[in-house]
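Computed from the coordinates by the stated procedures, all read-outs in this text should not be read as laboratory data. Keep in mind it's a predicted model, so treat the numbers as computed, not measured. Note that we place each Cβ from the backbone using ideal geometry, even for glycine, and neighbour counts take in every protein chain shown.
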Amino acid sequence: MYRFYINNITDEYHYLELARVFLPDDGFEIIPYSGNNVSHLLGVNSFFINEACSSDRDEIKRELYELLSGLCGIRPPWGTLTGVRPLKPALALCSDYSVSEMEKIIRDKYLMRPDKSSLIADIAEYQLSQKLGDASDKASIYIGIPFCPTRCEYCSFASNVAPAEDHVKYLSCLLDEIAYMGDLAREHNTEIESIYIGGGTPTTLSSDQLSLLIERVSASFDTDIKNIEMTVEAGRPDTITVEKLRAIKAHGTDRISINPQSMKDATLRLIGRDHTAEDIRKGFRIARETGFEVINADLIAGLPKEDEDDFSASLSEMIDLGAENITIHTLSVKKGSRLKEHDPSFYRKNAETVSNMLDISRQMLTDAGYMPYYIYRQKHQIGALENVGWCKPGTHSIYNIRIMEDKQTIIGLGAGAVGKVYYPEEDRIERIANVSNYRIYSERFDEMLRRKKLYYE
Ligand code: SF4
């Protein structure tokens, strides 16, 4: 057990987050300390940090990072930058500095590896070039469908394998919630910028149910889907049928997401999926024939028993299939997943392999004409690495950008949906979460409706 006594701090949160990148949760303690006389506390594996009594958090984190690097023999590439939105501090700097000046500032401030600071610079450059503007007076909508055909080994989402009658009951409540929130939004003249139907796997629902759902959203929020960005996740190819995709497309949806995660059949079996790589190819064919303009494909770097060749073969096929958006996730092993139960320290392994996979993806996607356009990090990702959304220029998802900016209200509907209200005067977000269990969502439905009023209080 390591003990880090940190001088002149009151809140250990940021230092805990940094130490977690290097050490397991039960392998260290961060102890706020005040004063210089610590010699009586220091024994084997105990260290005193910030002897100079600085009040600059970044300076203290740099000292802690260097100490941990020496102790553990690694230099995590994101340096001292913790938190899930690495682009936020960078974009804030871009109002006063050029992108290249910003890149140098973040590299020095966070001890960031140059390939990561240049990735941030590329993303900032792309977003700035698209002139996305301020949409803080608008809102976007997220709708959760918490059903999947089977549960993936690494899944920690509100996702359930449930009988068809549960889908019917759930949808009935969800349609009421949409209508209720739509009334409120119309009363307050809220303009909708984008809609995202995720989960779970929304295409677990039937084509009639999908039609009902989209019609209800369009009517309740008085929004013509054809005029805004709308994405429906069709993540699991075994749920895709011509009828379902036609139903989604008929209402003006222009984007879907088919998420292979890997194109290796052995991996798909290992992670608990009930489909093959051929089903993914078929899903793409149906989506193209139905006329979808933008298809996103998610891949995961770091799946069990995969190496760099497996990963690059999957990516190569996604590029060949012509996905307009490709999102490269680093595997995150969170509580609630079977993988975490079976191997709690899985995310501490294979950091070098996964880092290589991300390097390969950057090279291949850049060579194929894709641009990185959004980025986020999650807890318990292998090597404390990142997720990056790539797009063919001009095909980015505005919803993905807005959700990472934290400068727009996101209306969350359905079980597991976490909405947020943006207060522009204070540049502050407040979260409003529905319960994640779909049965409790139906049972406590009145409470879910009452929570909707919070969006306008
Ligand atoms: S497809 Fe996504 S939501 Fe469904 S079980 Fe797999 S990881 Fe979970």
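Quick notes on this structure:
- Amide H to amide H distances under 5 Å link Glu193 with Ala139, Ser140, where only residues 5 or more positions off or on other chains count and H is placed in the peptide plane.
- DSSP loop trypsin sites (Lys or Arg not before Pro) with at most 13 other Cβ within 10 Å excluded, longest remaining stretch of the chain: 132-304
- Here is the short version for the chain: Cys53, Cys72, Cys94, Cys148, Cys173, Cys391 have no other Cys C-beta closer than 4.7 Å.
- Of the GluC sites (Glu not before Pro) found in segment 1-101, those that fall in a DSSP loop while having at most 11 other beta-carbon atoms within 10 Å are Glu51.
- Structure note, pairs Lys88/Lys116; Lys88/Lys340; Lys138/Lys407; Lys88/Lys226; Lys109/Lys334: Cα-Cα distances above 19 angstrom occur for Lys88/Lys340; Lys88/Lys226; Lys109/Lys334.
- Using just its DSSP H runs of length 4 or more, each adding -39500 (n - 2.57), the chain gives a mean residue ellipticity at 222 nm of -12500 deg cm²/dmol after division by all residues.
- Loop GluC sites (Glu not before Pro), segment 223-329, which have at most 13 other Cβ atoms in a 10 Å radius of their Cβ (DSSP): Glu293
- Rg and Dmax over the alpha-carbon atoms of the chain stand at 22.9, 73 Å.
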